[in-house]
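The values are calculated or read from the model by the stated rules, or taken from the named source; none is laboratory data. Nothing here was measured: the structure is a model prediction, and the numbers come from that model. Neighbour counts are summed over all protein chains in view; Cβ atoms, including those assigned to glycine, are modelled from backbone coordinates with ideal geometry.
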Amino acid sequence: MISAAQITGLILAGGRAQRMGGIDKGLIPFHQKPLIESTITRLKPQVGTILINANRNITKYAAYGYPVIMDETPDFSGPLAGFSAGLKDCKTSYLLTAPCDSPLLPNDLGLKLTAELERGDFQLVYASSKEVDGKVWAQPVFCLMRTDVQESLNAFLMKGNFKIDRWFKELNSSTIIFDDANAFANVNTPEELKSLEALST
């Protein structure tokens, strides 16, 4: 049985946030506190330790008391670059990833992904969400992986690939469907921020 102590949580805060005018999403106020604080609060009980992947405002993120790691590629290469940096610094056997701008992420994310990982002896398990209309959407930035996938990811990135779903296909992977689609809602526009605040009051 994989325990929380064997899992490192990686919060992805390294993006450009172009749709939000390029501001650093993790630091946007959400109920008067930086958005990343909600992610930390929800992720912390599910993991043994936390890493923050950021490419700017490093001192602000470091103030939370967790190691801040930067992408090795300097051009905001997306979540896989964050995964790669996280795997390099991860000291545990498993890495659980979540973005900094999904403040309602499931409190049982780690539990459900862990159960699936063990059930099928998978290398990686990611979340999917079921919308009200029954459609299922992959939520690939919410995933639990064995840290020994690092070699596979490095080889994938070396080929110039950055598509997350394409890398997942190279692994023995699975997904778990969560019924609450709002749990994975993220902030891409000021309007989305307002509606998320309303959802979480």
Worksheet item: Looking at the stretch 169-185, which of its residues are part of a helix (DSSP H, G or I) and acidic (Asp, Glu)?
Response: Glu170
Worksheet item: Just wondering, is there one or more residues in the stretch 120-143 that are part of a helix (DSSP H, G or I) and charged (D, E, K, R)?
Response: no
Practice prompt. Please determine, by comparing only the residues of the stretch 158-201 that are small (Gly, Ala, Ser) and over 19 Å from Glu72 (Cβ atoms), which one is modelled with the lowest pLDDT.
Written response: Ser200
Response to the item:
Here the qualifying pairs (Cβ atoms under 7 Å; residues six or more apart or on different chains; first in the stretch 138-157 and modelled with pLDDT of 95 or more and polar (S, T, N, Q); second part of a strand (DSSP E or B) and surrounded by fewer than 20 Cβ atoms within 10 Å (Cβ to Cβ)) come out as Gln139/Ser128
Item to complete: Taking the residues in the stretch 118-132 that are of a type in the set (A, V, I, L, M, F, W, C) and within 20 Å of Arg166 (Cβ to Cβ) as candidates, determine which candidate is surrounded by the fewest Cβ atoms within 10 Å (Cβ to Cβ).
Response: Phe122
Worksheet entry | Pairs, first farther than 17 Å from Pro140 by Cβ and at pLDDT below 80 in the stretch 61-82, second outside any loop (DSSP other than H, G, I, E, B) and of a type outside the set (Val, Ile, Thr), C-beta under 9 Å, six or more apart | Thr73/Ala81; Thr73/Ser84; Thr73/Leu157; Asp75/Ala81
Item to complete: Only residues that are assigned to a helix (DSSP H, G or I) and either aromatic (Phe, Trp, Tyr) or more than 15 Å from Leu95 (Cα to Cα) (or both): list them for the stretch 153-168, please.
Response: Asn154, Ala155, Phe156, Leu157, Met158, Ile164, Asp165, Arg166, Trp167, Phe168
Worksheet item: Tally time: how many residues in the stretch 87-113 are acidic (Asp, Glu) and either crowded, with 22+ Cβ neighbours inside 10 Å or within 23 Å of Glu151 (Cα to Cα) (or both)?
Response: 2
Practice prompt. Return a yes/no flag: does the stretch 31-45 have any residue that is part of a loop (DSSP other than H, G, I, E, B), in contact (Cβ under 8 Å) with a residue 60 or more places away in the chain and farther than 24 Å from Phe162 by Cα.
Written response: yes
Worksheet item: Is the stretch 77-91 home to any residue that is more than 29 Å from Leu199 (Cβ to Cβ), of a type in the set (Asp, Glu) and not in a loop (DSSP other than H, G, I, E, B)?
Response: yes
